[in-house]
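Any read-out appearing in this document is the output of simple, stated calculations on the displayed coordinates, not a laboratory observation. Here the structure is a predicted model, which is why all the values come from computation and not from measurement. Glycine gets a Cβ as well: all are built from the backbone with ideal geometry, and neighbour counts include every protein chain shown.
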Ligand code: ADP
Ligand code: MG
């Protein structure tokens, strides 16, 4: 297991950490994000989209879909937030099919998904007070 620890002091730095991670991701990577509400998971995923080279004007509206797509980069990024979903709804999302493809999948509140893969990249963000965040990135295997 490889562990990276990054301390950030603002949202832009957290997004930059996501951008750096995404720049290293092979197609088909799965990133599981955990951390309380407001930790910075969404900020990190927005940075990932940038790191993959997605164009900011090609993002599906989260109002209409449970899975947001960031297109136009090396890989499409699928961004899922499980926060308000019941287990049965999580099962209906088709995450297994999504993961089987060559795109990159980022999942917030991943601990709510019982069938999450054990070998995915894990990003845990902890609020350390005010604007400080501690980001732990764990990689269990290289794909
Ligand atoms: P989550 O998706 O984990 O609920 P968001 O990314 O939506 O969190 O929101 C994080 C909030 O915390 C934003 O309002 C952001 O401006 C604020 N914030 C303050 N400091 C940081 C930091 N170091 N990293 C990320 N977000 C931060
Ligand atoms: Mg969020």
Original post:
Between the range 17-38 and the range 99-121, what is the C-alpha centre distance in whole Å?
Top reply: 10
Subject >> 112, 46 arranged by Cβ crowding within 10 Å, fewest neighbours leading >> reply: 112, 46
**OP:** Choose one answer from 108, 89, 122: the residue with the largest mean-square fluctuation in a GNM of the chain with alpha-carbon springs under 10 Å.
**Re:** 89
**OP:** Could you pull out which residues in the range 13-53 have an amide N less than 19 Å from a spot 7 Å beyond the Cα of residue 131, following the Cα-Cβ vector?
**Re:** 13-19, 38-47
**OP:** Please report the relative contact order for the chain, taking Cα pairs under 8 Å with a sequence separation of at least 6, and give it as a percent rounded to a whole number.
**Re:** 36
**OP:** Once you've got the GNM for the chain with C-alpha springs shorter than 10 Å, pick whichever of 68, 19, 36 has the biggest mean-square fluctuation.
**Re:** 36
Subject >> residue 11 versus residue 58: modelled label distance in nm, points set 7 Å from Cα along the beta carbon direction >> reply: 2.5
Original post:
Using helices alone, what [θ] at 222 nm do you get for the chain, with -39,500 (n - 2.57) per DSSP H run of 4 or more residues, divided over all residues and rounded to the nearest 500?
Top reply: -7500 deg cm²/dmol
Original post:
Using a Gaussian network for the chain with springs between C-alpha atoms less than 10 Å apart, which of these wobbles most: 18, 91, 51?
Top reply: 91
**OP:** Taking every pair of alpha-carbon atoms in the chain, give the share separated by more than 23 Å as a whole percent.
**Re:** 28
Original post:
So, in nm, how far is label residue 98 from label residue 24 when the simple model puts each one 7 Å beyond its Cα toward the Cβ?
Top reply: 2.4
